[in-house]
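The values are calculated or read from the model by the stated rules, or taken from the named source; none is laboratory data. Quantities reported herein were computed from a predicted structural model and do not represent experimental measurements. Note that we place each Cβ from the backbone using ideal geometry, even for glycine, and neighbour counts take in every protein chain shown. Quick note on the areas: whole protein, heavy atoms, side chains included, nothing else; ligands and nucleic acids left out. Shrake-Rupley method; radii C 1.70, N 1.55, O 1.52, S 1.80 Å.
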Amino acid sequence: MSPRARTNQLLYQAELLVGLPLGGDEHTPARQMAIEESALALFELALNSMLKEVSEHARLESHYWQQLLASDGPAVAELQRLRDLMHQPESWLYWLVAQLERLHSSEGAAKRRMVNPSMIAIGSQAPLTEQLLTHLAAAKQEIAALRETSQEW
């Protein structure tokens, strides 16, 4: 399978996971958390695959996002574009890196939703599944643009 096909497959699988039915039993919260963290892990694999894909022309030895997107990473135009994007707080990559740091921590990325009918909701943050879908869509748009740039090489 080509890196491009693998990237597409991983993004698609992450979207499929987020859309799975949760059920309505006592395991629903745990199932929700498992789906969210699994989708994030697939998103991370897709990021690595995409980096391999768009930097193929540079013949890099490693394709791990932590190394390639580090400030001292390889001087490749596509990677610099992603480094810049990673520092923009409203970008999908900024969000993804923050979520991946949480995912790899002992805290984890998914959180149990505490439902207390007597409390007024004050947070306006969308559920992680909605955020995942939003950022997956934005990533797919960015990947399409990066593919065009890397094909010029």
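Number of residues in the stretch 13-29 that are farther than 14 Å from LEU128 by Cα and either modelled with pLDDT of 95 or more or among the small types (Gly, Ala, Ser) (or both): the value is 4. Could you please let me know if GLU15 is of a type outside the set (Phe, Trp, Tyr) and either part of a loop (DSSP other than H, G, I, E, B) or touching a Cys at 6+ places or on another chain (Cβ under 9 Å) (or both)? In short, no. Across the stretch 128-145, which residue is farthest from ALA30 (Cα to Cα) among those that are open to solvent by less than 50 Å² (accessible area, probe 1.4 Å) and of a type in the set (S, T, N, Q)? If we take residues in the stretch 128-145 being open to solvent by less than 50 Å² (accessible area, probe 1.4 Å) and of a type in the set (S, T, N, Q), then GLN131 is farthest from ALA30 (Cα to Cα).
I'm checking my understanding of the structure. Among residues of the stretch 5-23 that are over 16 Å from the mean Cα position of the chain (by Cα) and within 20 Å of ALA137 (Cβ to Cβ), which one is least open to solvent (accessible area, probe 1.4 Å)? Checked the stretch 5-23; the qualifying residue least open to solvent (accessible area, probe 1.4 Å) is ALA5.
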